[in-house]
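Heads up: the structure comes next, in structure tokens.
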Amino acid sequence: MNKAELIDAISAAAQVPKVTAASALNAITNSISEALQQGDNVTLVGFGTFTVKARAAREGRNPRTGGKINIAAAKSPTFKAGKDLKNAVNLVPRG
């Protein structure tokens, strides 16, 4: 499912125009991005948690030449699925 299909699904489920659904989806993704940029975690109970993990600088190898390269330190967004989402994916009934 891509973003346009997700907007269509939100629009149908919430019975709102696609423009409203697109605006809501953009607001959610922007809010999550901003929270992660500020170093906060975003927890949606039952759905999952968005966090930022730091990766240390390290030395790697160029696969073409085999030469050493330096890989800079970076922050990486991560997502850990919540119990309800895991159960939904595995078709486990709620209860």
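Here are the numbers for this structure:
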read-out: Leading residue by the ranking (nearest to THR29 (Cα to Cα)) among those in segment 71-95 that are loosely packed, with under 10 Cβ neighbours inside 10 Å and either at pLDDT below 95 or among the hydroxyl-bearing types (Ser, Thr, Tyr) (or both); value: SER76
read-out: Members of segment 17-66 that are assigned to a loop (DSSP other than H, G, I, E, B), farther than 22 Å from GLY82 by Cβ and either in contact with a strand residue (DSSP E or B) (Cβ under 7 Å, 6 or more places away or on another chain) or aliphatic (A, V, I, L, M) (or both); value: ALA56, ALA57, ASN62
read-out: Which listed residue, of VAL52, VAL16, VAL42, is of a type in the set (Val, Ile, Thr) and in contact (Cβ under 8 Å) with a residue 12 or more places away in the chain; value: VAL52
read-out: Residue satisfying condition, being surrounded by fewer than 10 Cβ atoms within 10 Å (Cβ to Cβ) and not aliphatic (A, V, I, L, M), within set ARG55, ARG64; value: ARG64
read-out: Residue list for segment 1-16, restricted to those being part of a helix (DSSP H, G or I) and either of a type outside the set (S, T, N, Q) or closer than 21 Å to LYS75 by Cα (or both); value: LYS3, ALA4, GLU5, LEU6, ILE7, ASP8, ALA9, ILE10, ALA12, ALA13, ALA14
read-out: Residue satisfying all of: in segment 67-95; assigned to a loop (DSSP other than H, G, I, E, B) and among the small types (Gly, Ala, Ser); farthest from VAL42 (Cα to Cα) among these; value: GLY67
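The values are calculated or read from the model by the stated rules, or taken from the named source; none is laboratory data. Here the structure is a predicted model, which is why all the values come from computation and not from measurement. Note that each Cβ is placed from the backbone with ideal geometry, even for glycine, and that neighbours are counted across all protein chains shown.
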